[in-house]
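Each value in this text was obtained by applying a stated rule to the coordinates, not by laboratory testing. Given the structure is predicted, the values throughout are model-derived calculations rather than measurements. Reconstructed Cβ throughout: ideal geometry from the backbone, glycine too, with neighbour counts over all protein chains shown.
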Amino acid sequence: MRSRGVHSVQIAVEVPFFDVDMMQVVWHGHYVKYLEQARCALLAELGHDYPAMLASGYAWPVIDMQLRYVQPAVFGQHLTVRAELVEWESRLKIHYLITDAASGTRLTRASTVQVAVDIATREMQLVSPPAMRIAIERRLAELGALR
C-alpha cells in the first residue's frame, strides 16, 4: 500500500455564504462537498469519471471517510483543494488537503475509500474492475506517474 499518491489535481473553491454556519465558519458537512468536487476533477483527469464507472457496470460508493479539521474556513475565503490518488488496484483511496489559497495554511486533511460494487448483483468486488485499472494505468503512464 502506498502512503503517497501517484497523481494529484487541485481545484479552487471560494467559500459561499450558504456554506457558513451561525459560528461564521464553514459548517463541517460542507467540507465533504469540497472533497467530492476535487475527487470528480481527479477522476476526470484520470480518464475514468463517474459516467465511465456507471457505463462499466459498477458503482463506487464511499465506504470510509476520515477528516481532520485543523483550522476553519470562512465566508469568502479562497481555498485550494488537492485530491491525490493513493490506491486503485483493489479499492480507490484518495487523500485530500484543503489549504488557504493565499497563504497555503493547512485547514483540513482527509481521505476516502471507495470500492466497486456490481450494479446488477450489488456485490462488492475484491479487486477494482479491469475498466478502471486499465484507464487509470494508461493515463498514469501517459503522465509518467507510474513507477
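Taking the Cβ of each residue in Y69, Y34 as the centre, tally the other Cβ atoms inside 10 Å and list the residues starting with the fewest. Could you put the intermediate results ahead of the total?
On the way: Y69 15, Y34 23.
Ascending number of Cβ neighbours within 10 Å: Y69, Y34.
Could you tally the net charge around C40, taking each other residue with its Cβ under 13 Å from the Cβ of C40, Lys/Arg +1 and Asp/Glu -1? Could you put the intermediate results ahead of the total?
Details: positive: K33, R39; negative: E36, E45, D49.
In short, -1.
What distance in nm separates the simple spin-label points at H28 and Y50, each placed 7 Å from Cα in the Cβ direction?
Placing both labels 7 Å along Cα→Cβ, they lie 2.4 nm apart.
Run the simple label-point estimate for D64 and T105 please: 7 Å along Cα→C-beta, distance reported in nm.
3.2 nm
Tell me the net charge near S56. Cut-off is 12 Å between Cβ atoms, S56 excluded, with +1 for each Lys or Arg and -1 for each Asp or Glu.
Details: positive: R133; negative: D49, D118.
Every neighbour counted, the sum reads -1.
Can you check what the net charge comes to around Q77, using other residues whose Cβ is under 9 Å from the Cβ of Q77 (Lys, Arg +1; Asp, Glu -1)?
Working: positive: none; negative: E14, D100.
Summing Lys/Arg as +1 and Asp/Glu as -1 gives -2.
Provide the per-residue ³J(HN,Hα) series for the stretch 81-91, in order, calculated from phi with Karplus coefficients 6.51, -1.76, 1.60 and θ = phi - 60°, each as a whole number of Hz, with x at glycine and proline positions.
These are the phi-based 3J(HN,Hα) values: 10, 9, 10, 10, 6, 10, 9, 8, 5, 10, 7 Hz.
Ranked by Cβ crowding within 10 angstrom, fewest neighbours first, how are E137, E142 ordered?
Numbers: E137 17, E142 10.
Going from least to most buried by this count: E142, E137.
Specify the angular offset, from 0 to 90 degrees and rounded to the nearest 10, of the alpha carbon long axis of helix 30-45 from the longest principal axis of the alpha carbons in the chain.
Helix 30-45 and the main axis of the chain meet at about 40 degrees.
Report the charge-dipole magnitude of the chain in Debye, nearest 20, computed about the Cα centre from +1 at each Lys and Arg Cβ and -1 at each Asp and Glu Cβ. Don't jump to the answer; show the numbers that get you there.
Working: 15 positive and 15 negative charges, 86 e Å.
The dipole of the chain has a size of about 420 debye.
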